[in-house]
Each structure stands twice: as structure tokens, then as C-alpha cells.
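Q: Shown below is the structure under consideration.
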Amino acid sequence: MDFSERVLELARQADEAIAPALARIDEIARKNTQKVLAAFQTHRVAEAYFAGTTGYGSDDRGREILDQVFATTFGAEDALVRIQMVSGTHTLICALFGVLRPGDEMISLFGPPYDTLQTAIGIVGHETGTLLEYGIRYSQVDPNENNEPDLPEIIRVCAERRPRLALIQRSRGYSTRAALSIETIRTLAEAVHQASPETVVMVDNCYGEFTDTLEPTQVGADLMAGSLIKNPGGGIAPMGGYIAGRHDLVEGAASRLTAPGIGRDNGATLGQNRLLYQGFFLAPHTVAQALKTAVFCAKMMELMGFETSPAWDAARSDIVQVIALGSGDALLRFCRGIQMGSPVDSFVIPEAWPMAGYEDPVVMAAGAFVSGASIELSCDGPMREPYLAYLQGGLTYESGRLGILLAAEELLK
Ligand SMILES: *Cc1c(COP(=O)(O)O)cnc(C)c1O
């Protein structure tokens, strides 16, 4: 890893400029670590909880207490944390199926939801078992002309239609709109509840956990869900998801995840409890590492003349960093540099490839300990104008920073 004088000079400039932004991230991590540690202590987490169960997994004390640790940390009435949730999409659709019944309407408050969720809801593709197939109706309020939530329209639609559920996606995901701040989520939840008190406000919290000192369930959301191979798994959880919020809604999701009458009482933990506890304990710190990597990346790329979103000094509500690389060649080089910076599969050379569900070929870079874990340094982008790279993760700032330096080196070659 021999870096050129040019890249090292840019890095020095970036380091100096971003120091105050990194200090703000440290402060958030300090507060969130205190939140998590206090929850561990409140629930008297003990070594005995790390013993696993098999089979039905009845009476798994470690699993039951972990649910409570998540609930307390997130200021929620209840939570369900399970390795049986196979992905973020599975977790989110469990939560949705737990709430919605035939004839109900769900409304997405800020444009369409995440790609895989669109398929699961049934508004894209022709899969079987979608919400639409079960007679649930879907509608959405699009962003306004400033690419922000259209609050007057949201209030009007909620008051008029009284939807059963309103969905808010916190992270930008793979869209061009910004992540929603906790304060904006508070405003949206209040507006929906005022217009239609019975509507369940649910937040897709993927990529958002611990990027701020409050979570959606602490500012009015009735329910939220996320993936354990992203932020709240701390880079340690090998799989799983969590759902947190109102007790009756969490119970509904548990009924859907397993079976009515069984709900949360089954689900062997197979010796994974320790990793889920340890990952959650580390998560505030790990998220800070990913945020610092994103900020460093934004500053470096800005210095190299690329447009970035969010800007390095902007407030963040997710771990995603977008860089407009302007050409297919630059996007490929960037991703190859990120791949070279990975601890696993560093020797692999990413190529753009056609992918199911995408119109253009997509290039991806990832070399992770947990397959597909995007809390680890990873990056991808579709091969089309303006050649956007979506970067996220970084288990340690030191390694994430090296990945960015390698990407910068590739871009300058
Ligand atoms: C990752 C993600 C999902 C889906 O999670 P998978 O684990 O990829 O199924 C949904 N919503 C958002 C905002 C995400 O970032």
C-alpha cells in the first residue's frame, strides 16, 4: 500500500477539515454507548444468557432479555430480536403483515419504499404472497418540488383516507433524496397522528440506528424495524433483524414470523445470543466508525472535484454516502479501490454486471466477514448517468479510511 504524495496531501487536508465533524460523531457515540450500557445494566444481562437453545427454543432467557435490552435502548414498549429474520426485507415485511389486514391501506409518506420492499409489497414484479395479493392497498405521497416530504399533502391524504399504516423510510437507500432526520420523523409522525389517530406510523430504520441520539420510536413512531447485519449488529451479529415499538404491534409481527399462538415463544438461538449482545453493545461505536469513513470520503471526493451527498459537514441520519463520479470508468475505478481495501476478497476485481430488477448493469464492491453485511465497507452503483457510487460501512475508521485512500489512488491513476 504505497500511497502517492498527491493522495497523502489530499488526505492531510481532509483530516484537518473534518476534525470538528468527527468530534460530533464521537459525541453521538458516547451518548448512545451510555444508552446501550444502561439498558444492559437495567436488565441485568448475565453470562448465563449466552448459552444457546436448540429445537423449539422454548424458555430462552437470553433471547427474552435481549428483546428487552433493544426495547429499553430504543425507548420502545417492546421489541423482537431474532436470528430467524433472514434479512432487512424479511423483517420489514413481517412487521407490515403483522399490522395490515385485507382491505387495509398502507401509504408510503415519502416516495416509493426500498426496492426489495416494493417487490414484497407487490407494486413491482409479479411475486406470489405479496401484500397486494392479500388485498392490502398501497398508495404513496411523492416528495415535493424541493425533494422533501410534502407535509400538507400527507396531512390531507391521511385525514381523508385514514390509512391503517403510514410508512416512513429513514435512510435514503438507493434514492437521490436525503435521509430523514429524527426531527423530521417527529414532525411526520405528529402530523399523521393528528390527521388520523388510528394510523400506525412505521419507520424503516435500516442504516439509521445510532446515527443520532434518538430513534424513531422515541419521537412518535409506533413501530420500526431494521437489519442486524447493518447498524445494530455492530458488525458482529451473523444474521437477523429486530422490530421495536408498541407491544400489540410487536406481538402481531411475532405471530407472523412464527405462527399465531406461538409468536415469540419459539425460536432457538443456537448459541448466537452472545454475538447479538456483543454486536449491540459495540453498535454505537461501529456506526461512528462508518459515519467517520463516510465523512472522510465526502471530503476527499470533494477535494478531488466530485459532487457528494450528503456534504462532509452536513448532519447525517444514515450511514450512506453518495458520490457522483461522472463516468463509468471512474465508478469502476472507485469500486475497485474500495474492494482492494477490504480485509476479505481484496484480490477480486469488481465488474459491472446485469442484475435482476435493475435496468442497467451494477458494479459492487464488498469484502466482508459477514456475507452481504453493509455495516462493513461496501460500495455499489448502477452504470448510468450520473454514475453514482453508494458507499457505506467501515468496521473501523482506520480501515475505512484506507479503503477511501485506495479508491482515490485508483481514480488518480
Ligand atoms: C438494506 C435496506 C433494506 C432491506 O434490507 P435487506 O437486508 O437488503 O433485505 C430496506 N430498507 C433500507 C432503507 C435498507 O437500507
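The values are calculated or read from the model by the stated rules, or taken from the named source; none is laboratory data. Predicted model, so just to flag it, every value in this text is computed and none were measured. Cβ coordinates were reconstructed from backbone atoms using ideal geometry, including for glycine residues, and neighbour counts include every protein chain displayed. Ligands, DNA and RNA are excluded from the accessible area calculation, which covers all protein heavy atoms including side chains. Shrake-Rupley method; radii C 1.70, N 1.55, O 1.52, S 1.80 Å.
Q: Considering the stretch 319-364 alone, what residues qualify as being open to solvent by less than 20 Å² (accessible area, probe 1.4 Å), farther than 18 Å from ARG401 by Cβ and in contact with an Asp or Glu (Cβ under 8 Å, 6 or more places away or on another chain)?
A: VAL362, VAL363
Q: Mind listing whichever residues of the stretch 196-208 are within 11 Å of the ligand (Cβ to nearest atom) and among the acidic types (Asp, Glu)? Even if it seems obvious, please write down each step before you answer.
A: Of the residues in the stretch 196-208, the ones within 11 Å of the ligand (Cβ to nearest atom) are 203-208.
Scanning the stretch 196-208 gives a single hit, ASP204.
Q: Which residue is nearest to GLU215 (Cα to Cα), if the candidates are limited to the stretch 315-360 and must be touching a Lys or Arg at 6+ places or on another chain (Cβ under 7 Å) and aliphatic (A, V, I, L, M)?
A: VAL320
Q: Would you check which residues across the stretch 307-349 are hydrophobic (A, V, I, L, M, F, W, C), closer than 23 Å to GLU385 by Cβ and without any contact (Cβ under 8 Å) to a residue 24 or more places away in the chain and list them?
A: Keep residues of the stretch 307-349 that are hydrophobic (A, V, I, L, M, F, W, C), which gives 311-312, 314-315, 319-320, 322-325, 330-332, 334-335, 338, 340, 344, 347-349.
Pick out the ones that are also closer than 23 Å to GLU385 by Cβ and you get 311, 320, 322-325, 330-332, 334-335, 338.
Scanning the stretch 307-349 gives a single hit, ALA311.
Q: While we're on this one: Do the conditions hold for PRO386, that is, is it of a type outside the set (A, V, I, L, M, F, W, C), in contact (Cβ under 8 Å) with a residue 12 or more places away in the chain and open to solvent by 10 Å² or more (accessible area, probe 1.4 Å)?
A: Values: of a type outside the set (A, V, I, L, M, F, W, C): yes; in contact (Cβ under 8 Å) with a residue 12 or more places away in the chain: yes; open to solvent by 10 Å² or more (accessible area, probe 1.4 Å): yes.
Taking the combined requirement at face value, the residue satisfies it.
Q: Has the stretch 225-248 got at least one residue that is polar (S, T, N, Q), modelled with pLDDT of 95 or more and out of contact with any helix residue (DSSP H, G or I) (no Cβ under 7 Å at 6 or more places or on another chain)?
A: Just the residues of the stretch 225-248 that are polar (S, T, N, Q), to begin with: 227, 231.
In the following step, the residues that additionally are modelled with pLDDT of 95 or more were identified as 227, 231.
Among the residues that remain, those that are also out of contact with any helix residue (DSSP H, G or I) (no Cβ under 7 Å at 6 or more places or on another chain) are: none.
Looking for residues that are polar (S, T, N, Q), modelled with pLDDT of 95 or more and out of contact with any helix residue (DSSP H, G or I) (no Cβ under 7 Å at 6 or more places or on another chain), one finds none in the stretch 225-248, hence no.
Q: For the stretch 47-79, which residues satisfy the criterion of being open to solvent by 40 Å² or more (accessible area, probe 1.4 Å) and not in a helix (DSSP H, G or I)?
A: Here is the first cut: in the stretch 47-79, the residues open to solvent by 40 Å² or more (accessible area, probe 1.4 Å) are 47-48, 50-52, 54-56, 58-59, 61, 64, 68, 72, 75, 77.
Of everything in the stretch 47-79, those that are open to solvent by 40 Å² or more (accessible area, probe 1.4 Å) and not in a helix (DSSP H, G or I) turn out to be ALA51, GLY52, THR54, GLY55, TYR56, SER58, ASP59, GLY75, GLU77.
Q: Go through (1) touching a residue at least 40 places away in the same chain (Cβ under 8 Å); (2) surrounded by fewer than 19 Cβ atoms within 10 Å (Cβ to Cβ) for ARG82 and report which single condition fails.
A: The number of the failed condition is (2).
Q: Quick one: which of GLN13, GLN34 is more than 16 Å from the ligand (Cβ to nearest atom), out of contact with any Asp or Glu (no Cβ under 8 Å at 6 or more places or on another chain), open to solvent by 30 Å² or more (accessible area, probe 1.4 Å) and within 30 Å of GLY337 (Cβ to Cβ)? Even if it seems obvious, please write down each step before you answer.
A: Working: GLN34 fails: within 30 Å of GLY337 (Cβ to Cβ).
That would be GLN13, the only listed residue that is more than 16 Å from the ligand (Cβ to nearest atom), out of contact with any Asp or Glu (no Cβ under 8 Å at 6 or more places or on another chain), open to solvent by 30 Å² or more (accessible area, probe 1.4 Å) and within 30 Å of GLY337 (Cβ to Cβ).
Q: Something else now. Keeping to the stretch 134-171, report how many residues are surrounded by 13 or more Cβ atoms within 10 Å (Cβ to Cβ), part of a loop (DSSP other than H, G, I, E, B), touching a residue at least 24 places away in the same chain (Cβ under 8 Å) and not charged (D, E, K, R).
A: 7
Q: Still on this structure: Please go through (1) of a type outside the set (Val, Ile, Thr); (2) within 16 Å of the ligand (Cβ to nearest atom); (3) surrounded by 24 or more Cβ atoms within 10 Å (Cβ to Cβ) for PRO310 and return the number of the only condition it doesn't satisfy.
A: PRO310 satisfies every listed condition except (3).
Q: Could you list all residues from the stretch 208-235 that are in contact with a Gly (Cβ under 6 Å, 6 or more places away or on another chain) and surrounded by fewer than 23 Cβ atoms within 10 Å (Cβ to Cβ)?
A: GLN218, the sole residue that qualifies.
Q: Right, next: What are the residue pairs meeting all of these: first residue in the stretch 229-249, first residue farther than 13 Å from GLN84 by Cα and part of a strand (DSSP E or B), second residue among the polar types (S, T, N, Q) and away from the ligand (no atom under 15 Å from the Cβ), Cβ atoms under 6 Å, and 6 or more apart or on different chains?
A: Hits for this filter: ALA244/THR217; GLY245/THR217.
Q: Okay, next question. Given the structure, is ILE185 β-branched (Val, Ile, Thr), out of contact with any Pro (no Cβ under 6 Å at 6 or more places or on another chain) and either open to solvent by 50 Å² or more (accessible area, probe 1.4 Å) or within 14 Å of the ligand (Cβ to nearest atom) (or both)? Before you say what the answer is, go through the steps one by one.
A: Values: β-branched (Val, Ile, Thr): yes; out of contact with any Pro (no Cβ under 6 Å at 6 or more places or on another chain): no; either open to solvent by 50 Å² or more (accessible area, probe 1.4 Å) or within 14 Å of the ligand (Cβ to nearest atom) (or both): yes.
The answer is no for ILE185.
Q: Another question about this same structure. Consider GLY279 carefully, then state whether it is assigned to a helix (DSSP H, G or I) and in contact (Cβ under 8 Å) with a residue 40 or more places away in the chain. Full working, then the answer.
A: On the way: assigned to a helix (DSSP H, G or I): yes; in contact (Cβ under 8 Å) with a residue 40 or more places away in the chain: yes.
Yes; evaluated as a whole, the condition is true for this residue.
Q: If you go through the stretch 267-274 one residue at a time, do you hit one that is within 16 Å of the ligand (Cβ to nearest atom) and either open to solvent by less than 50 Å² (accessible area, probe 1.4 Å) or outside any loop (DSSP other than H, G, I, E, B) (or both)?
A: Restricting attention to the stretch 267-274, the residues satisfying the condition of being within 16 Å of the ligand (Cβ to nearest atom) are none.
No, the conditions are met nowhere in the stretch 267-274.
Q: In the stretch 100-133, which residues are out of contact with any Ser or Thr (no Cβ under 6 Å at 6 or more places or on another chain), open to solvent by less than 50 Å² (accessible area, probe 1.4 Å) and in a loop (DSSP other than H, G, I, E, B)?
A: Answer for the stretch 100-133, where residues must be out of contact with any Ser or Thr (no Cβ under 6 Å at 6 or more places or on another chain), open to solvent by less than 50 Å² (accessible area, probe 1.4 Å) and in a loop (DSSP other than H, G, I, E, B): LEU100, GLY103, ASP104, LEU109, PHE110, GLY111, PRO113, GLY129, THR130, LEU131.
Q: Can you pull out the strands (runs of 3 or more DSSP E) entirely within the stretch 337-413 that have at least 1 residues that are in contact with a Gly (Cβ under 9 Å, 6 or more places away or on another chain) and at pLDDT below 95? Please lay out each step first, then the result.
A: Numbers: elements: 362-366, 378-382, 388-392.
Of the strands (runs of 3 or more DSSP E) lying wholly inside the stretch 337-413, those with at least 1 residues that are in contact with a Gly (Cβ under 9 Å, 6 or more places away or on another chain) and at pLDDT below 95 span 362-366.
Q: Determine which member of the set GLU215, GLU160, GLU183 is closer than 16 Å to ILE319 by Cβ and at pLDDT 95 or above.
A: Values: GLU160 fails: closer than 16 Å to ILE319 by Cβ; GLU183 fails: closer than 16 Å to ILE319 by Cβ.
The match here is GLU215.
Q: For ALA39, are the conditions met, namely being within 18 Å of TYR242 (Cα to Cα) and either outside any loop (DSSP other than H, G, I, E, B) or acidic (Asp, Glu) (or both)? First the steps, then the outcome.
A: On the way: within 18 Å of TYR242 (Cα to Cα): yes; either outside any loop (DSSP other than H, G, I, E, B) or acidic (Asp, Glu) (or both): yes.
Criteria met by ALA39.
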